[in-house]
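*Asks:* Can you keep this structure in mind? I'll have questions shortly.
The values are calculated or read from the model by the stated rules, or taken from the named source; none is laboratory data. Not measured: the values here are computed from a predicted model. All Cβ positions, glycine included, derive from the backbone under ideal geometry; neighbour counts span all protein chains shown.
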Amino acid sequence: MNLDHPYDRLAALPRALWLPGLVTSVGPPARRLADVERWRAALRAGQAPPADAHFGDPQALAPLRRACVSLGLPALCRGTEALADQVLRTLLWHLDRLIDLQPLLSREAALSQVTEEFLGAWQQEKGDWEELMALLQGLGELPQVGREALRGLLRSREWAEAQRIAGRLAQMPEIVALMRHLGRAERAGVPPALPPAAAAAVAPPRLGLKAVETRLPDAPGELRGIRLSGRIEGMLGSEAAMLLHPVLHKLWRARRAEQRLLTYDSQALLVDWRPDPAARAHRLPEPPRPAPLQRGPIVLCLDTSGSMRGAPETLAKAVALEALRTAHRERRGCVLIAFGGPGEVVERELAPTHEGLQALLALMGQVFDGGTDVQAPIERAIERVHEQQWTQADLLIVSDGEFGCVPATLDRLDEARARLGLRVQGVLVGDRETLGLMEVADHIHWVRDWRRHGDADERRTGSPVHSKSLTALYFPNALSERAARHRPA
């Protein structure tokens with residue numbers, strides 16, 4: 001006999017539903033707790049709760065079930081545990097009000113009032129949750145945000161800024177594609193293109209070749225038979241036996257003088273491949289490509305200096321928002337390292353929690369200002385990738401490139417590349433590559449039309465340059481060995 005029955009059913013429910021499930025005055029506890037679990041499973045699956053899950057009081061649950069379906073709450077709760085629990089907490093609270101209303105109202109009138117109150121509460125609540133899901137589309141399971149916290153969140157200045165930034169992401173499919181390939185946890189389905197240096201090393205098509213055979217008689221090679229000759233090294237054993245005979249050795253000397261010794265007939269064959277103008281041209285095999293990897297943790301270094309104010313700031317925040325979406329949608333880790341001047345480094349994990357959402361919104365409301373010191377954030381990022389959780393991470397730097405690193409930091413970055421396979425991606429929000437960005441990044445993704453994401457004055461100004469690689473084009477000797485990787489082909 002289970003002494004905890006029926007309260008052992010609480011183990012299958014989250015703590016937030018324990019108190020409402022216990023105190024609600026509808027139906028017997030055993031049936032109510034069992035049906036709460038069935039409602040929760042149906043809502044998380046995006047389905048209407050079963051009609052027979054009525055908590056032991058079908059008259060009370062039928063109108064509230066119809067209200068849930070009419071509002072489209074099952075579809076809204078699909079895959080969202082926090083929202084499903086919020087629906088159940090609200091439902092149980094309104095059901096518990098029946099006992100308070102019935103002394104003044106009949107049961108039918110009390111049910112009607114409770115249903116109307118539930119509908120009114122969730123019409124507003126549904127709009128708030130839809131707004132949250134529109135911003136964080138693809139997050140799957142949303143952060144655990146309470147009703148009052150959600151309302152305060154949606155009315156904040158940071159939220160309005162986040163919505164504006166989210167609207168920009170639809171205009172930047174290249175950023176969305178970049179996030180997909182960050183990290184090294186999975187093999188990619190399509191091999192990446194060869195880097196410029198390797199592509200240049202592939203030899204051009206060569207002329208066809210023809211085989212020219214040269215035969216060398218008496219040279220070591222294929223045995224073709226036996227013949228008469230004076231070659232001692234090729235004579236048969238029977239000829240050599242005559243040398244030990246007191247009389248036949250004279251015969252052996254005579255035969256050798258006459259070139260009539262029995263010897264093996266051997267011939268060497270040399271094959272020489274020579275160009276043939278009449279043959280079909282061919283290409284040598286390409287060098288082996290490294291195994292393409294993607295979809296791993298993301299370490300995002302975000303430049304929040306004063307030079308990023310305006311359109312670059314909008315793009316940087318959009319990258320951070322898309323990093324959070326992508327990381328949680330594909331179950332990846334994401335850490336944000338925002339940097340400005342010396343000592344201005346803020347590190348936050350962008351997790352799908354209430355704290356992670358608050359950290360993201362704090363960034364959305366931040367005004368970029370101050371100097372640029374990338375030394376500390378890159379060193380911190382190197383420390384991160386040496387931790388077990390982040391060993392398969394890629395480093396993404398979003399900046400206008402106005403920075404530089406000392407050789408010691410660059411050496412540590414090279415060591416992480418060699419030992420861990422670290423890849424450093426750069427998003428250039430500016431008009432040209434700088435030596436600092438070229439030395440740090442393996443690949444640089446240039447957002448050439450960054451001005452169109454700014455104010456009216458910025459949108460009227462087009463890009464004044466035709467290429468991001470001005471230094472490499474006009475001052476090639478100024479490039480260091482690391483920066484030369486980005487030399488235009």
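*Asks:* Among the residues of the range 31-47, write down those that are among the small types (Gly, Ala, Ser) and modelled with pLDDT under 90. Reasoning before the result, please.
*Replies:* Quick first cut of the range 31-47, residues among the small types (Gly, Ala, Ser) only: 34, 41-42, 45-46.
If the condition is that a residue be among the small types (Gly, Ala, Ser) and modelled with pLDDT under 90, then ALA45, GLY46 are the ones that fit.
*Asks:* Which is modelled with pLDDT under 85 and either touching a Ser or Thr at 6+ places or on another chain (Cβ under 9 Å) or surrounded by 11 or more Cβ atoms within 10 Å (Cβ to Cβ) (or both), of ASP272, ASP276?
*Replies:* Details: ASP272 fails: modelled with pLDDT under 85.
Only one candidate qualifies: ASP276.
*Asks:* Would a scan of the range 461-472 turn up a residue that is assigned to a loop (DSSP other than H, G, I, E, B), of a type in the set (D, E, K, R), modelled with pLDDT under 80 and over 26 Å from the mean Cα position of the chain (by Cα)? Spell out the reasoning first.
*Replies:* Let us first name the residues in the range 461-472 that are assigned to a loop (DSSP other than H, G, I, E, B), namely 461-469.
Within this subset, residues satisfying the condition of being of a type in the set (D, E, K, R) are 468.
If we keep only those that are modelled with pLDDT under 80 too, we end up with 468.
Next, from what is left, pick out any that are over 26 Å from the mean Cα position of the chain (by Cα): none.
No, because not a single residue in the range 461-472 is assigned to a loop (DSSP other than H, G, I, E, B), of a type in the set (D, E, K, R), modelled with pLDDT under 80 and over 26 Å from the mean Cα position of the chain (by Cα).
*Asks:* When you go through (1) closer than 21 Å to TRP446 by Cα; (2) in contact with a helix residue (DSSP H, G or I) (Cβ under 8 Å, 6 or more places away or on another chain); (3) at pLDDT below 60 one by one for ARG180, which number turns out not to apply?
*Replies:* (3)
*Asks:* Filter the range 70-128 down to residues that are in contact with a Pro (Cβ under 6 Å, 6 or more places away or on another chain) and surrounded by fewer than 20 Cβ atoms within 10 Å (Cβ to Cβ) and give me whichever is farthest from VAL36 (Cα to Cα).
*Replies:* Ranking the qualifying residues of the range 70-128, first place goes to THR115.
*Asks:* Here's a follow-up. Can you spot a residue in the range 52-62 that is surrounded by fewer than 17 Cβ atoms within 10 Å (Cβ to Cβ), part of a helix (DSSP H, G or I) and in contact with a His (Cβ under 9 Å, 6 or more places away or on another chain)?
*Replies:* The answer is yes; a qualifying residue exists.
*Asks:* Separate question: I'm trying to understand the selection: among the residues of the range 77-105, which are over 20 Å from PHE55 (Cα atoms) and either modelled with pLDDT of 90 or more or assigned to a helix (DSSP H, G or I) (or both)? So that I can check it myself, show each step before the final result.
*Replies:* Step one: filter the range 77-105 for residues over 20 Å from PHE55 (Cα atoms), giving 77-83, 103-105.
Result: CYS77, GLU81, ALA82, LEU83.
*Asks:* Taking HIS354 as meeting all but one of (1) over 23 Å from ARG180 (Cα atoms); (2) modelled with pLDDT of 70 or more; (3) of a type outside the set (A, V, I, L, M), write down the number of the exception.
*Replies:* (2)
*Asks:* How many residues are surrounded by 13 or more Cβ atoms within 10 Å (Cβ to Cβ) and basic (Lys, Arg) when one looks only at the range 211-259?
*Replies:* Summing the residues that are surrounded by 13 or more Cβ atoms within 10 Å (Cβ to Cβ) and basic (Lys, Arg) in the range 211-259 gives 4.
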